[in-house]
Amino acid sequence: MAVNELANYSVIRDEIIDDLADNFVEGDEVILENILSDVMNDALLISNRNETEANIEVLKSNIKKACKTVYLQRGVEDVKSNSQNGLSNTYEIATETMMKDIIRQNKRRLM
């Protein structure tokens with residue numbers, strides 16, 4: 001079963017759109033769905049969990065945070081930091097942060 005076929009997939013997608021509020025661009029639904037699908041697969045792989053709704057629910061907060069980060073960083077994916085006119089921006093790497101959070105929160109299953 002693909003992760004986008006799980007019942008809670010559309011609920012998570014809608015929650016992310018609500019969280020992004022004005023930062024979400026109408027018409028970006030397909031882009032967000034692709035990001036969400038990739039992040040869900042990464043989260044399941046990192047945590048050594050199967051594609052079940054219960055496992056997605058456990059990882060939901062990590063998935064949402066990573067999706068929002070990836071969506072908002074489109075266009076600067078390969079940039080770690082940027083400094084311009086006295087303003088400095090440092091970008092986090094969403095999958096690395098998600099991996100650290102999953103491990104730190106004991107959501108990873110050890111085999």
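Does any residue in segment 1-26 that is closer than 17 Å to Lys65 by Cβ and free of Cβ contacts under 8 Å to residues at least 24 places away in the same chain come within less than 7 Å, Cβ to Cβ, of a residue that is acidic (Asp, Glu) and surrounded by 12 or more Cβ atoms within 10 Å (Cβ to Cβ) six or more places away or on a different chain, and which pairs are these?
Arg13/Glu33
Kindly check whether there is at least one residue in segment 72-85 that is aliphatic (A, V, I, L, M) and either at pLDDT 95 or above or in contact with a strand residue (DSSP E or B) (Cβ under 8 Å, 6 or more places away or on another chain) (or both).
Taking segment 72-85 as the starting set, the residues that turn out to be aliphatic (A, V, I, L, M) are 72, 76, 79.
With the extra rule that they be either at pLDDT 95 or above or in contact with a strand residue (DSSP E or B) (Cβ under 8 Å, 6 or more places away or on another chain) (or both), the set shrinks to 76.
Checked segment 72-85: at least one residue is aliphatic (A, V, I, L, M) and either at pLDDT 95 or above or in contact with a strand residue (DSSP E or B) (Cβ under 8 Å, 6 or more places away or on another chain) (or both).
Can you find, within segment 14-27, the residue that is nearest to Met40 (Cα to Cα) among those that are of a type in the set (A, V, I, L, M) and part of a helix (DSSP H, G or I)?
Within segment 14-27, the match that is nearest to Met40 (Cα to Cα) is Ile16.
Enumerate the pairs (first residue in segment 43-69 and of a type in the set (A, V, I, L, M, F, W, C); second residue anywhere and assigned to a loop (DSSP other than H, G, I, E, B)) with beta-carbon separation below 7 Å, excluding pairs fewer than 6 apart on the same chain, so at least 6 apart or on different chains.
That search, which allows pairs on different chains as well, returns Leu44/Glu51; Ile46/Arg108; Ile56/Leu6; Val58/Lys107; Leu59/Lys107.
Among the listed residues Val39, Val11, which satisfies the condition of being modelled with pLDDT under 95, in a helix (DSSP H, G or I) and either among the β-branched types (Val, Ile, Thr) or in contact with a Ser or Thr (Cβ under 7 Å, 6 or more places away or on another chain) (or both)?
Among Val39, Val11, only Val11 is modelled with pLDDT under 95, in a helix (DSSP H, G or I) and either among the β-branched types (Val, Ile, Thr) or in contact with a Ser or Thr (Cβ under 7 Å, 6 or more places away or on another chain) (or both).
The values are calculated or read from the model by the stated rules, or taken from the named source; none is laboratory data. The structure presented is a predicted model; accordingly, all values stated were derived computationally and were not measured. Please note: Cβ atoms are built from the backbone with ideal geometry, for glycine as well, and neighbour counts cover all protein chains shown.
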